[in-house]
Amino acid sequence: MSQEYSDAHLRKILTRTKRIAVVGVSMNEVRPSFYVARYLKLKGFDVVPVNPGHAGKTAFGAEVVASLSDIEGHVDMVDIFRRPEHVPPIVEEALECFADLQTVWMQIGVVNEAAAEMARARGVDVVMDRCPKIEYQRLFGELRMGGFNTGVISSKL
């Protein structure tokens, strides 16, 4: 992974986040955007699926919306499943729509420094080239079930 983030920083982001807009969510259960969003929902996050091609459908108990501007209320994190060249307009819309936005998260393989700087200039944390599902599992002791040594001691089975 090309970006470095401390475990404490990622843990802080994932702990404070309550509502996540997942941009580019798929309705196909084998696509990463689907199972990441579903996992986040199962972990108690309020997930708002965003995809204009599926607007009006239901995913994870929520209506899929066409764009970030269609979301009512606040969003803590925007999780982006789009190619890097599509990220700047998404970040611009997020900053316009959500005055209290805390985090812009770009998935594995997604890095856009211009969009990141735009968000940081507004005081928004940025994570690039990482997956919140993987980081959540790693930081909160869940990957050990798959044989990974996370360094987190837990009594959970």
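The values are calculated or read from the model by the stated rules, or taken from the named source; none is laboratory data. Quick caveat, the model's predicted, so the values are computed rather than measured. Cβ atoms come from the backbone with ideal geometry, glycine included; neighbour counts cover every protein chain shown. SASA here: full protein model, heavy atoms, side chains in, ligands and nucleic acids out. Shrake-Rupley method; radii C 1.70, N 1.55, O 1.52, S 1.80 Å.
Worth pointing out:
- When region 79-138 is filtered for residues that are open to solvent by 60 Å² or more (accessible area, probe 1.4 Å) and touching a Cys at 6+ places or on another chain (Cβ under 9 Å), only ILE108 remains.
- Pair list, Cβ < 6 Å and 6+ apart or interchain, from region 1-23 residues that are modelled with pLDDT under 95 to residues that are outside any helix (DSSP H, G or I): MET1/ASP129; SER2/ASP129; GLN3/MET128; GLN3/ASP129
- Residues within region 46-89 that are assigned to a loop (DSSP other than H, G, I, E, B) and β-branched (Val, Ile, Thr), tallied: 3
- Tally, over region 4-16, of residues that are crowded, with 18+ Cβ neighbours inside 10 Å and within 17 Å of HIS74 (Cα to Cα): 2
- Out of ALA66, ALA59, one residue alone is more than 17 Å from VAL126 (Cβ to Cβ) and open to solvent by less than 20 Å² (accessible area, probe 1.4 Å). It is ALA59.
- All positions within region 17-31 that are open to solvent by 60 Å² or more (accessible area, probe 1.4 Å) and within 13 Å of the chain's Cα centre (by Cα): LYS18
- Evaluated against (1) out of contact with any Gly (no Cβ under 7 Å at 6 or more places or on another chain); (2) at pLDDT 95 or above, PHE60 falls short on exactly one condition, (2).
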